[in-house]
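Working notes, beginning with the structure itself.
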Amino acid sequence: MKGVVERISILAVSALLCAAFMGVPPVYGAKPINIGVIGFQSPPPGQSIFDAAALAVDQINAKGGINGRPVKLFAYDDHGKSADAVEAFQRAVYSDHVVAVVGVWISEVALALEPWAARLHVPFIVTGGASTKISALVHDNYNSYKYIFQLTLNSDQMARSIADFLKEDVADKLGYKRAFIASENFDWTKSLDAGYMKYLPKAGIQVVGHIRFAPDTNDYTPIFSTIEKAHPDIVVTGWAHVGVKPTVQWHEQQVPVLLAGVNAQAATSAFWAATSGATEGVISQSEASDAPITPKTIPFVKVFEQKFKISPAYCGYNTYDAVYMLKKAIEAAHSTKSDALVKALEKMSYTGTQGHIEFHGKKSQFTHSIKYGPDFVTGIQAQWQNGKLVTIWPKRAATGTLVVPHFVAQKRSAK
Amino acid sequence: MQLFWEILVNGFIVSSIYALGAMGFSLIFGTAGILNLAHGAYLVLAAIVAWFFISYFKLPLPAGLAIGILASVLFSYLLFFLLVNPIDKSKRIPEEEKAIFVLTATLLWSIIIEGMLDYVFGSTPVVIPPFVSGSMHVFEISVTYNMIILAMISLLIIGLLWFAINRTRPGKMLLAASMSRTGVAIMGIELKRVYLLLWGIYGILAGISGVLLAAFLGASARAAPELTGMAFSIVVLGGLGSITGSFFASYIIGYLGTLTAYLISPSYTPLPAFFVLVVILLLRPQGLFGRF
């Protein structure tokens with residue numbers, strides 16, 4: 001009798017264990033491939049980097065990993081500080097033995113990590129920082145800095161994308177041809193502003209003023225007052241660290257100018273709540289959006305929103321593509337060795353969520369930065385309309401058309 | 001001429017909101033002798049909690065603001081019961097070192113609140129919806145109704161505070177406690193009741209100024225140290241503990257910041273306040289109005 005009870009108990013426990021493990025993903029015997037992700041977790045664009053990397057890794061593992069090996073993601077919050085990022089990079093390489101690092105939202109932080117990627121020979125794909133200095137360092141020191149790639153439109157390319165949009169949809173159609181540049185004072189906006197100065201006149205838009213302000217500015221009344229005195233039609237922005245305050249004050253004070261350019265925080269769904277709806281009418285550039293840019297874009301956005309209850313920021317698209325490109329590079333190289341990965345990434349031609357991605361070669365001034373253009377990545381322009389982000393440019397991906405905010409239209413017609 | 005009116009009107013609005021922001025800080029120092037380094041954290045706490053309830057639970061504006069102010073009152077009492085009172089009653093801390101212990105405790109309390117807000121709500125600033133929309137033209141410039149209302153509410157609250165302290169019995173109790181704790185005890189007034197009243201008023205004042213500031217300039221956890229610094233500069237300039245001094249000092253600091261923003265660069269707006277703080281500490285440590 002005792003033996004029967006024992007056997008029934010063993011069977012019951014075994015059945016329970018089997019039931020418990022029914023839904024568990026495949027167990028890999030192979031050694032995992034470690035990938036690091038570094039970013040500034042607190043602001044929504046920074047969080048997007050971590051979420052997108054986690055999503056890509058989950059999907060890759062669910063489909064059998066890379067060459068039969070699972071991928072293990074190591075995440076490090078740099079708190080927006082270079083010192084924390086350098087410490088994280090060292091920990092990732094020395095302790096967690098990552099084969100590559102992706103991420104970093106702030107250009108200054110990416111620039112601080114570049115010498116470490118070069119020194120430790122670890123591929124580092126920047127998916128947030130947009131400064132042109134990032135690729136300039138690779139161009140000027142190719143042999144030692146070849147491990148660094150910039151999978152985001154750099155500031156010069158962003159300025160070009162915005163000028164292309166303003167020419168097609170604003171200057172030609174609405175006749176708005178006077179622009180005032182207003183940018184936060186960070187490294188990435190130096191090349192952005194230089195790009196605006198170069199590309200806006202070529203697009204037939206006159207630059208009537210230029211202001212750079214500290215990112216901790218609270219009251220934007222004097223800035224908008226200065227801007228209004230120059231009578232521009234458009235304020236072309238370079239905002240990533242700031243966003244909520246100037247947007248709200250533009251709306252509150254009903255400044256009669258179109259707000260367009262880079263307003264990185266405005267490109268996530270969280271911005272509507274943060275500004276209490278004051279972002280209505282704001283136009284912002286991003287790498288991609290919930291639009292048919294490639295067959296991968298909309299499915300990615302849907303899964304991302306379902307999982308994280310927020311839309312991806314520009315660097316979310318970039319990071320997601322970066323992890324998949326690393327997968328493809330490892331498969332192509334049949335290796336996780338850094339030099340082999342660099343060669344595979346340099347040769348790669350990949351259709352991601354933001355377009356067709358190829359990196360510039362070592363002769364280009366933007367070495368290892370992605371190529372810009374209709375056949376590659378152009379970025380998109382999205383506008384807040386009735387609480388939703390609507391893609392208005394480029395035409396092939398547009399889900400709506402530009403709407404001039406009512407107070408801009410009213411005040412302009414009154415004039 | 002337009003520039004003159006812009007500086008005059010915007011400076012007045014900004015200064016009035018700053019004045020309310022500094023009142024609580026001044027009151028708590030004047031009465032309890034506590035330099036509350038968590039002051040800025042209270043302002044952003046009230047603002048972010050109010051914003052959260054308005055944005056996510058779709059509560060009407062007044063209800064959301066009331067919850068934000070309640071959060072400030074709750075944390076105000078938490079600070080009193082968890083840190084200030086135990087330190088004050090402690091027999092292991094020498095009397096002469098208690099002030100520095102309380103100062104350190106408020107600094108740590110501030111870091112805790114900031115960290116908590118940063119973790120839960122992120123570092124992106126949030127803005128409370130305007131009380132009214134639209135703008136008007138006065139003296140050649142455009143001013144939003146919201147800014148005018150914010151300034152008016154600030155001045156009204158300051159007026160009520162002045163009346164409560166100088167013309168009501170509980171207010172006189174606070175005034176007496178600021179002059180001599182022993183005297184108050186001899187008069188048969190329980191000191192604990194005075195402190196309960198004080199921290200309650202402080203929580204309300206900090207809460208109201210927090211939500212008003214967030215309806216104008218926005219609020220984020222990372223703005224807390226700057227707000228504490230601004231209140232500190234105003235209170236030192238006016239004279240530590242002097243409510244009248246703080247009121248006038250707010251206008252000096254507010255107009256200095258506005259002049260800097262319009263005539264030099266908006267990036268340097270807070271600098272004059274801190275420069276004035278250093279000069280006052282060196283030349284007139286008792287401030288412009290001394291202590292009430």
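The values are calculated or read from the model by the stated rules, or taken from the named source; none is laboratory data. The structure displayed is predicted, hence computed values, not measured ones. Counting neighbours? That spans all protein chains shown, and the Cβs are built from the backbone with ideal geometry, glycine included.
Some points to look at:
- Enumeration of residues in region A:307-318 that are more than 12 Å from the chain's Cα centre (by Cα) and assigned to a helix (DSSP H, G or I): A:K307, A:F308
- Residue selected from region B:88-138 under the condition touching a residue at least 60 places away in the same chain (Cβ under 8 Å) and of a type in the set (F, W, Y), by the criterion farthest from the other protein chains (Cβ to nearest Cβ): B:W109
- Unique match (being at pLDDT below 90, crowded, with 18+ Cβ neighbours inside 10 Å and farther than 30 Å from A:A264 by Cα) among B:I153, B:I158, B:I141: B:I141
- Being in a helix (DSSP H, G or I), among the acidic types (D, E) and at pLDDT 95 or above holds for only one residue in A:D96, A:D164, A:D172, and it is A:D164.
- With respect to the conditions (1) among the hydrophobic types (A, V, I, L, M, F, W, C); (2) in the same structural domain as A:Y176 (by TED's automatic domain parsing); (3) under 20 Å from the mean Cα position of the chain (by Cα), A:L258 lacks only one, and its number is (3).
- Tallying residues that are of a type in the set (V, I, T), closer than 20 Å to A:I310 by Cβ and assigned to a strand (DSSP E or B) within region A:236-279 yields 1.
- Residue check for A:D321: among the acidic types (D, E), over 25 Å from A:S155 (Cβ atoms) and in a helix (DSSP H, G or I): no
- Residues of region B:1-29 that are of a type outside the set (A, V, I, L, M, F, W, C) and either touching a Phe, Trp or Tyr at 6+ places or on another chain (Cβ under 6 Å) or at positive phi (or both): B:G11, B:S15, B:G24.
- Test: residue in region B:103-118 that is within 27 Å of B:I243 (Cα to Cα) and in a loop (DSSP other than H, G, I, E, B): no
- A:F89 aromatic (F, W, Y), surrounded by fewer than 24 Cβ atoms within 10 Å (Cβ to Cβ), under 22 Å from the mean Cα position of the chain (by Cα) and closer than 18 Å to A:L151 by Cβ: no
- From A:A322, A:A329, A:A274, A:A313, residue being among the hydrophobic types (A, V, I, L, M, F, W, C), buried (at least 21 other Cβ atoms within 10 Å of the Cβ) and not assigned by TED's automatic domain parsing to the domain that holds A:I148: A:A274
- Per-region count, region B:239-292, residues within 13 Å of chain A (Cβ to nearest Cβ) and not in a helix (DSSP H, G or I): 4
- Qualifying residue in region B:143-163 (condition: within 14 Å of another protein chain (Cβ to nearest Cβ), in a strand (DSSP E or B) and under 30 Å from A:K229 (Cα atoms)): yes
- The set of residues from region B:239-266 being in contact with a Lys or Arg (Cβ under 8 Å, 6 or more places away or on another chain) and modelled with pLDDT under 85 comprises B:L240, B:G241, B:S242.
- Taking the listed residues B:G241, B:G229, the one that is surrounded by fewer than 21 Cβ atoms within 10 Å (Cβ to Cβ), within 15 Å of the chain's Cα centre (by Cα) and closer than 30 Å to B:L283 by Cβ is B:G229, with no other qualifying.
- For beta carbons closer than 7 Å, sequence separation of 6+ or different chains, a first residue in region B:25-43 that is without any contact (Cβ under 8 Å) to a residue 40 or more places away in the chain and a second that is surrounded by fewer than 24 Cβ atoms within 10 Å (Cβ to Cβ) and outside any helix (DSSP H, G or I), there are no qualifying pairs.
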